[in-house]
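The block underneath contains the structure these notes are about, expressed in structure tokens.
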Amino acid sequence: MADKDGLTVGFTYNLRRPSRRHDMESLRKYSEWDSEETVDSIVDALEETGNEVLRIPADKGAFIRLRNLRHKLDVVFNIAEGLSSELLDGVMRESSVPAFMEFLQIPYTGSGPLTLAEALDKSRTKQIAGFNGVRTAKFQLITRLPFELRKDMGFPLVVKPSAEGSSIGLTQKSKVDDEESLREAVRVLIEDFRQPALVEEYIGGREYTVGMVGKSVMPVMMIDLSKMPDRPFLRDQAVKDMEPQYVWTNNRDPALSLAPFDSFYVSLVRSAVMAHEALRCRDYNRLDLREKDCKPYLLEMNPLPGLHPSDGDLPVMAKAAGIDHCTLINSVLLESIFRYRSDSRFTDRFRPDRIVKISDKVESAMERVRYYPRDLETSEGSYRLLRAAHGVE
């Protein structure tokens, strides 16, 4: 139930559940879509701070509903991956709903259409980030068969779809060690996913996940695959399904743990922030990197990170800092409010009295978190590095 002075928040999302048109097998490539648990938990978080939430499923009727509601909606909390009723593929799918809202002049959370397209296209991400000084593995985009591998690239290699998230299309067989395996992996991906295959040199070091909201960087997650059963090479969907057993908050020898704060930690975060800024990401983000010769290499980024309350990487990292799921969701919302409030068209709708419960929720939580002793300075401002809450490290 919304307070009379609270906001009216639209919520755009894709719900992953079978229907008469699509069974779960046909939806296997759409694991980025969200569960009812995730959708309900985000609605609960937005309502807890006094807002009215209007659910707007991201299907082919989404534009009409947004257009009809545009004078009622103050802001939209967007996690839509595309138009679910159309099962859209391609690098523009995450851009569809934000493009609607740009056209209708509705404020919304998260990055804009251009950023979402470039971040989903892994080769574009690597090109832009690399131009701005972020290390990435050597790579080649394969658009058709047959092909010739770049002469400066050597085995082992990793083959994955060029424009998917949530490790879709990635298995342990995606790491290839010879020409025959490479060509078969590329053929399968191009045929199955109807998009180019990204081939990149395999980086065998530890994997790290960096999450941020605004200019707060969450405690960095370190994934040591060597400690997991069968010592996997890649963090595919099967590995992610196992990970909750190994997170650092469980009383086990963790495969997932907090990265130690040292000079490498700072360079890791700096690389993530540089990539985040290079692609003009907004409000929040999650980036995957690997270590080679004590240097961080960017794998990819997800400016629409999963927000499952217990399994999503960003919520897990936030929890390690002492930030609960409700506060995390409202922090993302508040970041978007601050962006739009400077625009004279939207200043009045985001008056302090209308967002007081949101700001109080976030500010009270941030007063309790701990920080590392040094901030990260960039041309766009100062990023604060959160450390784990007591009892987690």
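The values are calculated or read from the model by the stated rules, or taken from the named source; none is laboratory data. Everything quoted here is computed from the prediction, not taken from an experiment. FYI the Cβ positions are ideal-geometry reconstructions off the backbone, even for glycines, and counts take in every protein chain you see.
This table checks each residue for (1) within 25 Å of E200 (Cα to Cα); (2) at pLDDT below 95; (3) within 15 Å of the chain's Cα centre (by Cα).
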site: A272; (1), (2), (3): yes, no, yes
site: E277; (1), (2), (3): yes, no, yes
site: Y284; (1), (2), (3): no, no, yes
site: H308; (1), (2), (3): no, yes, yes
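Candidates are the residues of the stretch 328-365 that are among the hydroxyl-bearing types (S, T, Y) and either buried (at least 22 other Cβ atoms within 10 Å of the Cβ) or in contact with a Gly (Cβ under 9 Å, 6 or more places away or on another chain) (or both); the one that is farthest from V43 (Cα to Cα) is S336.
Here is a yes/no grid of residues against (1) farther than 30 Å from L376 by Cβ; (2) in a helix (DSSP H, G or I):
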residue	(1), (2)
L189	yes, yes
G204	no, no
P219	no, no
S226	no, yes
D230	yes, no
L234	no, no
V239	no, yes
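Looking at the structure I just gave you, is G204 of a type outside the set (D, E, K, R) and surrounded by fewer than 20 Cβ atoms within 10 Å (Cβ to Cβ)? Against the criterion (of a type outside the set (D, E, K, R) and surrounded by fewer than 20 Cβ atoms within 10 Å (Cβ to Cβ)), G204 qualifies.
Is at least one residue of the stretch 127-149 in contact (Cβ under 8 Å) with a residue 60 or more places away in the chain and more than 19 Å from A275 (Cα to Cα)? Among the residues of the stretch 127-149, at least one is in contact (Cβ under 8 Å) with a residue 60 or more places away in the chain and more than 19 Å from A275 (Cα to Cα), which makes the answer yes.
Let me confirm something: among A272, A320, A278, A259, which residue is more than 23 Å from D236 (Cβ to Cβ) and touching a Leu at 6+ places or on another chain (Cβ under 8 Å)?
Matching residue, one of A272, A320, A278, A259: A320.
When residues in the stretch 267-318 are screened for being within 17 Å of F131 (Cβ to Cβ) and hydroxyl-bearing (S, T, Y), 2 of them pass. Just one of the numbered conditions (1) modelled with pLDDT under 95; (2) aliphatic (A, V, I, L, M); (3) farther than 17 Å from L170 by Cβ is not true of M228: (3).
Results for (1) assigned to a loop (DSSP other than H, G, I, E, B); (2) modelled with pLDDT of 80 or more; (3) loosely packed, with under 15 Cβ neighbours inside 10 Å, shown as yes or no for each residue.
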position	(1), (2), (3)
G6	yes, yes, no
V9	no, yes, no
D40	no, yes, yes
H71	yes, yes, yes
M101	no, yes, no
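Residues that are basic (K, R) and not in a helix (DSSP H, G or I) were ranked within the stretch 121-160; the one that is farthest from E184 (Cα to Cα) is R135.
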